[in-house]
Amino acid sequence: MNFPADSTVARFEDGTALLGVIGLGYVGLPLAVEMARSGYRTLGFDVSERVVDGVNRGESHIQDVSSEVLAAFVGEGLLSATTDLSRLAECDAISICVPTPLSKTKDPDLSYVVAATHAVRRGLRPGQLIILESTTYPGTTRDAMLPLLEGGGLVGGRDFFLCFSPERVDPGNAVWHTRNTPKVLGGTTPACAAAGMALYSRIFDTVVPVESAEAAELVKLYENTFRMINIALVNEMAQVCDRLGVDVWGVIEAAATKPFGFMKFTPGPGLGGHCIPLDPHYLSWKMRTLAFKTRMIELASEINAEMPAFVVRKVADALNEDRKPLNGSRVLVLGIAYKKDIDDLRESPALEIIQLLQDKGAEVAYHDPFCPVILDDGHTSISNLPLHSVALTDEALAAADAVVVVTDHTDVDYARVAARARLVVDSRGVMRRAAGGARVVGISGTEGVAAAPRDRTSVAA
């Protein structure tokens, strides 16, 4: 598709465009950095003065963006941040990376998207490109954003361009990051898609065009629904193995040797993060409005939601074998981030596990080198907040009636845990080959740390 030489798209091509990013969190700040890396002047917008001031000082608050890299782009004048939303009018393209949470009834909350859209509309001018990156249900870009933007008289696809391109952020991934992860993009019109491709193909290594904004919205939901359902399946398999007295990790490892028709997933204490626990419910909600029930999503959600309580029951049963009640026992939780080697607590199952342990009267402490404190954000009912990470000393391990591995951070010395602790409840399978004196209770049964291979042989026999 051809655009006038003096158009916004021409500025994308010659690198003179000013790009804007609304929301400088886990998605927005890495995106803004990649825009700057591509040579575009980039202006980040956020409602938090603390975040904005930090960015302007070159100090990153996101683990996947180093302060050294951020400071270099700030110093070169390629990247800056502001709380002044009136400056959106200066931007030739605006990417919206705001939260899309769910209510307690799992209904979508589009208030942040709507607020960002209103802010864009106040300064909307001909030629601007608007790209929504926030995960949402199919139809949001066309049905919720487009009418608001067109309310000022400009027409989408003719006067301005509107696309959806789902974020694919995997915090802590050393291989796949913002630039080299293929980027899906769909427009509300062919002209919108062409404008979006003209920009994003200069920022990302690979851009994958799809037929519409709705298709792009659905791609994101399908990706994470796939993961959610397969995680639920392996979590249910762990409970099956627990009742059969079979080591689930051995079953998974053996199944993974099949070179076709199988993808390895592993069980754990529950779902966490900004995507998998939430995204499939956007699709469920949308389909309920169309009188269709997404049964697999509902069942998978139920299975995964039960896992924190399953882990706590394992702790209680293990203590009972030692003739100790959970009430009054000292429990040390290892790892509270939603996955290993990151500092992200969003939707972490560890928070529910701590709460359930406290509700049953346990004295709970935790150790996490990435998450030094659990703050009272109004969304967790954990007692005694703020709760601070304790040092993982020999004394702390020996003093605990039970140590619970919730998140398997790489830097934790699990051999030392096995040597110093008395009882370890392991929800991640990291203690299976650790030699030591601790009694280890796995997610699929009770086993000695060095006895797992022998146990599997006896079962097979």
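Summary of values
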| quantity | calculated |
| --- | --- |
| 18 Å reach of a label modelled at E302, 7 Å along Cα-to-Cβ, counting backbone N of region 204-229 | 228-229 |
| Antiparallel %, DSSP beta bridges [both residues in region 33-181], to 5 | 5 percent |
| V207 long-range amide H proximity, modeled H, under 5 Å | K183 |
| Alpha carbon centroid spacing (whole Å) that separates region 247-315 from region 325-383 | 21 Å |
| Relative packing of peptides 377-383, 115-121 - highest average C-beta neighbours within 10 Å first | 115-121, 377-383 |
| Proximal charge balance of L385 [Cβ under 13 Å; K/R count +1, D/E count -1] | -2 |
| Relative contact order computed over the chain (Cα-Cα under 8 Å; 6+ residues apart), in percent | 10 percent |
| Additional length obtainable on full extension of the chain from D53 to S86, 0.36 nm per residue less Cα span | 10.1 nm |
| Other-chain or far-sequence residues with amide H under 5 Å of T189's (modelled H) | L162 |
| Option label - log10 I(q)/I(0) by the Debye sum over Cα atoms at q = 0.08, 0.13 Å⁻¹ computed here, alternatives (1) -0.54, -1.16; (2) -0.72, -1.16; (3) -0.45, -1.26 | (1) |
| Listed residues S48, S284 arranged by accessible area, highest first, probe 1.4 Å | S48, S284 |
| Radius 11 Å from Cβ of G172, net charge of other residues (Lys, Arg +1; Asp, Glu -1) | -3 |
| Calculated from backbone phi, Karplus (6.51, -1.76, 1.60) coupling profile of region 71-77 in Hz, x at Gly/Pro | 4, 5, 6, 5, x, 7, x |
| Calculated [θ] (222 nm, deg cm²/dmol) that DSSP helices of n ≥ 4 give over the chain, each run adding -39,500 (n - 2.57) | -11000 deg cm²/dmol |
| Linear extension gain, A115 paired with D413, 0.36 nm per residue minus alpha-carbon span | 102.7 nm |
| DSSP beta bridges in the chain [antiparallel fraction, %, rounded to 5] | 20 percent |
| Fully extended contour minus Cα-Cα distance, from F262 to S7, at 0.36 nm per residue | 86.9 nm |
| Rounded tilt (10° steps) of 190-200 against the dominant C-alpha axis of the chain | 70 degrees |
| Per-residue ³J(HN,Hα) for region 24-37, Karplus 6.51 cos²θ - 1.76 cosθ + 1.60, θ = phi - 60°, Hz, x for Gly and Pro | 10, x, 4, 9, x, 5, x, 5, 4, 5, 5, 4, 5, 4 |
| Largest-first principal axis extents, alpha carbons of region 314-375, Å | 36, 19, 17 |
| Around A36: net Lys/Arg minus Asp/Glu count, Cβ-Cβ under 13 Å | +2 |
| Candidates per GluC sites (Glu not before Pro) in region 110-211, loop by DSSP, up to 11 other Cβ within 10 Å | E211 |
| Interchain or long-range residues, amide H under 5 Å from V424's placed H | V403, R439, V440, V441 |
| Links that overshoot a 18 Å alpha carbon limit, given the list K104/K339; K104/K314; K106/K286 | K104/K339; K104/K314 |
| Derived scalar couplings ³J(HN,Hα) [region 80-91; Karplus, 6.51 cos²θ - 1.76 cosθ + 1.60; whole Hz; x for Gly, Pro] | 8, 9, 7, 9, 8, 5, 5, 6, 4, 5, 6, 7 |
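The values are calculated or read from the model by the stated rules, or taken from the named source; none is laboratory data. What you see is a predicted model, and the numbers here were worked out from it, not measured in a lab. With ideal geometry, Cβ positions are generated from the backbone for all residues, glycine too; neighbour counts draw on all protein chains shown. Heavy atoms of the whole protein, side chains included, go into the accessibility calculation; ligands, DNA and RNA do not. Shrake-Rupley method; radii C 1.70, N 1.55, O 1.52, S 1.80 Å.
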